[in-house]
Amino acid sequence: MPRVAVVTGGTRGIGRAIAVRLNEAGYRVAANYGNDDDTARVFHNETGIPVFKFDVADFAACAEGVAAIEAQLGPIEVLVNNAGITRDATMQRMSYEHWAAVIQTNLSSCFNMSRAVIEGMRDRRFGRIVNIGSINGQAGQYGQVNYAAAKSGIHGFTKALAQETASRGITVNAVAPGYVDTEMVRRVPPDVLEKIVARIPVGRLGKADDIARTVLFLVADEADFITGSTLSVNGGQHMY
């Protein structure tokens, strides 16, 4: 039977690329999304991948969402924690609401989703969890105290959970993308984006598929000796 994989934030950007790659590789994929019904509808119509709407920042909603996915597709064996938002501002201008929203959506979601699937993975003695971090969680970024803290937290979360689960056949790894040509990055002013690209040794922005192919490698059955790792996919911009 094909393994069931869940991708949070899976209907757009990097998440979409990951979901499509996994689907093409033969996984039974469920794509989670939060708000954008129109994008989710288009994604489903184009790919045939089922979509599930729930808020990954809400612990109870994640438990209910996982139950709904498993009822339709079967036990979840692969989890990709990709969902994320930005609420950028310097510290003196950042509201508590913007801090909390990013921490809950980007970091607490990893706990919420992992907690919902971990017991089943332990019972079956197999699981693959991949958390999407960021170059800005490794190097920091001006105006992103909330985002950098959440993504840095993901890297620590990954290492700790990997130690807890290794003996049960569950691997936990992270991927830290650099600047990828997504809708979020395209909102950066052109003059700023030009300076960013100038600092990338390979001379270009990443592609969503660069991240998707890395995730596909980490979730493979044969990747069972890789756990607690963070793979930096950033074109050499930050060597960590």
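The values are calculated or read from the model by the stated rules, or taken from the named source; none is laboratory data. Predicted model, so just to flag it, every value in this text is computed and none were measured. Here Cβ is always computed from backbone atoms with ideal geometry, including for glycine, and neighbour counts include all displayed protein chains.
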So which pairs qualify, if the first residue must be in region 39-61 and assigned to a loop (DSSP other than H, G, I, E, B), the second must be β-branched (V, I, T), the Cβ gap must be under 6 Å, and the two must be at least 6 apart or on different chains? I49/V29; V56/T8; A57/T105
Quick check on K151: is it surrounded by 24 or more Cβ atoms within 10 Å (Cβ to Cβ) and basic (K, R)? yes
Report yes if R21 is in contact with a Leu (Cβ under 6 Å, 6 or more places away or on another chain) and closer than 17 Å to T182 by Cβ, otherwise no. yes
Do we have R41 as among the basic types (K, R), at pLDDT 95 or above and under 16 Å from the mean Cα position of the chain (by Cα) here? no
So the check is Cβ under 6 Å with 6+ separation or different chains; which pairs have a first residue in region 71-86 that's surrounded by 17 or more Cβ atoms within 10 Å (Cβ to Cβ) and a second one that's assigned to a strand (DSSP E or B) and of a type in the set (D, E, K, R)? L73/R28; V78/R128
Give A100, A67 a once-over and let me know the one that is small (G, A, S), surrounded by fewer than 19 Cβ atoms within 10 Å (Cβ to Cβ), closer than 15 Å to V6 by Cβ and out of contact with any Cys (no Cβ under 9 Å at 6 or more places or on another chain). A67
Can you pull out every residue in region 118-153 that is assigned to a helix (DSSP H, G or I), in contact with a helix residue (DSSP H, G or I) (Cβ under 6 Å, 6 or more places away or on another chain) and hydrophobic (A, V, I, L, M, F, W, C)? V145, A148, A150
Could you list all residues from region 159-169 that are over 12 Å from I226 (Cβ atoms) and over 16 Å from the mean Cα position of the chain (by Cα)? A160, Q163, E164, T165, S167, R168, G169
In region 154-181, anything of a type in the set (S, T, Y) and either in a helix (DSSP H, G or I) or in contact (Cβ under 8 Å) with a residue 60 or more places away in the chain (or both) is listed as T158, T165, S167
Could you list, in sequence order, the residues of region 182-212 that are outside any helix (DSSP H, G or I), among the charged types (D, E, K, R) and under 14 Å from Q237 (Cβ atoms)? R199, R204
